[in-house]
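What follows is a single structure, written as structure tokens, with notes after it.
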Amino acid sequence: MARFLTGIQSSGRPHLGNILGAIIPAIEFSKDKENESFYFIADLHSLTTIKDGALREEYVRAIASTWLAFGFDAEANVFWRQSRVPAHTELAWYLNCFTPFPMLANAHSYKDKSAQLDDVNAGLFTYPVLMSADILLYKANWVPVGKDQKQHLEIARDIASSFNHRVGEEIFVLPEAKIDERIMTIPGIDGRKMSKSYNNYIDIFLPENELKKSIRRIVSDSTPLEEPKNPDTDITFQIYSLIADEDQVRDMREKYLRGGYGYGHAKQELLGLILEKYREPREKFDYYMRETGELEQILRKGEEKAKDIAEEVIGKVRTKLGFS
């Protein structure tokens with residue numbers, strides 16, 4: 001049985017792009033009983049950019065609520081907050097002391113911001129080491145990553161291999177990257193990739209009136225209402241096509257080509273589709289965001305499981321380094 005581990009960024013509320021491109025596929029994957037799925041909320045990593053504690057807690061709740069709302073089974077898998085398992089930071093310090101400076105200086109997470117060193121804190125510089133600790137604590141065989149994170153996975157492998165060699169024992173499993181070339185790119189309301197950085201995302205959990213305003217902001221051209229329109233170049237149609245079934249997509253395409261159908265009509269249909277298709281997840285999301293005690297209980301159960309598993313590895317590391 002292979003063990004898969006994924007860290008979930010806690011830098012904001014999940015949007016439609018996150019849900020379609022990452023969350024739903026990961027939840028479906030976790031249902032495969034041939035694999036073990038370890039999914040953690042990387043709230044420690046978010047401290048490199050988010051300093052507001054109340055905001056971080058809100059984002060963590062929103063992330064956990066989203067995964068549960070879309071059917072993630074926290075009982076059958078391991079689901080926890082990174083910050084609630086102290087072994088993450090303990091192991092990160094040990095690994096820091098085995099990681100050469102040039103390796104981190106060449107990491108994308110640092111180099112991309114190195115032109116403005118005032119914006120680089122030590123946490124950002126050592127980000128790949130904490131990521132390595134996250135992975136190595138749980139003997140993960142596979143780590144699903146995007147192409148931009150592949151280098152960090154390679155750093156984790158190098159650190160693990162070096163540590164194993166230094167202490168003379170295979171304490172760490174060397175993880176493999178699993179890169180899915182089929183990952184969808186979800187267009188945002190301006191046509192670029194949907195991203196919090198671009199502020200072009202759709203938050204499907206907003207109240208209906210706010211969601212409607214967000215969808216109305218989708219960019220469209222100036223083709224008059226009565227004229228035919230090209231669905232393949234329209235952002236509203238592109239987003240609709242990712243959510244709707246084949247018959248619905250075919251029907252909307254015909255409306256575009258026939259004419260007499262405006263972009264406002266298409267946006268209204270998109271709103272209706274989101275409200276209908278995600279009615280149950282929206283209700284569950286609101287429930288978990290409201291019932292914080294129940295959400296906390298679910299996360300704490302996952303954290304107890306994670307602690308038990310992490311203790312095996314961190315215990316061996318302490319012994320080898322003389323901290324037992």
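Extension gain, ARG279 to ASP32: 0.36 nm times the residue separation minus the Cα-Cα distance gives 86.3 nm. A straight chain from GLU210 to PHE323 at 0.36 nm per residue would run longer than the Cα-Cα distance by 35.3 nm. Within the set of other residues whose C-beta is less than 14 Å from the C-beta of SER65, count the net charge using Lys and Arg as +1 and Asp and Glu as -1. Counting the neighbours of SER65, the net charge comes to -3.
Projected label points at LEU257 and LEU225, each 7 Å from Cα along the beta carbon direction, are separated by 2.4 nanometres. State the answer as a single residue: which of TYR110, THR66, PRO100 lies farthest towards the positive end of the charge dipole of the range 52-122, with beta carbon charges of +1 for Lys and Arg and -1 for Asp and Glu, about the Cα centre. With unit charges placed on the Cβ atoms, the residue in question is PRO100. Taking other C-beta atoms within 10 Å as the exposure proxy, LEU91, LEU271, LEU257 rank LEU257, LEU271, LEU91 from fewest upward. Short-range pairs are left out: with C-alpha atoms under 8 Å and at least six residues apart, the relative contact order of the chain is 21 percent.
With neighbour counts taken as other beta-carbon atoms within 10 Å, the residues SER37, SER195 rank, fewest first, as SER195, SER37. Relative to the Cα centre, the charge distribution of the chain, modelled as +1 at Lys and Arg Cβ and -1 at Asp and Glu Cβ, gives a dipole magnitude of about 540 debye.
For GLU291, the shell of other residues with beta-carbons less than 11 Å away shows a net charge of 0, using +1 for Lys and Arg and -1 for Asp and Glu.
Charge tally for ILE186 (other residues, Cβ to Cβ under 11 Å; Lys, Arg +1; Asp, Glu -1): +2.
Each of TYR201, TYR287 was scored by other Cβ atoms within 10 Å of its Cβ. Arranged with the fewest first, they read TYR287, TYR201.
In the chain, helices alone account for a calculated mean residue ellipticity at 222 nm of -15500 deg cm²/dmol, with every DSSP H run of four or more residues adding -39,500 (n - 2.57).
Bridges between two residues of the chain, per DSSP, are antiparallel at a rate of about 5%.
The range 1-35 and the range 230-272 have their alpha-carbon centroids 28 Å apart.
Since every read-out is calculated from the coordinates, none of them should be taken as a lab result. This one's a predicted model, so the numbers in the text were calculated from it and none came from an experiment. When we count neighbours, we look across all protein chains shown, and the Cβ atoms used for this are built from the backbone with ideal geometry, even at glycine.
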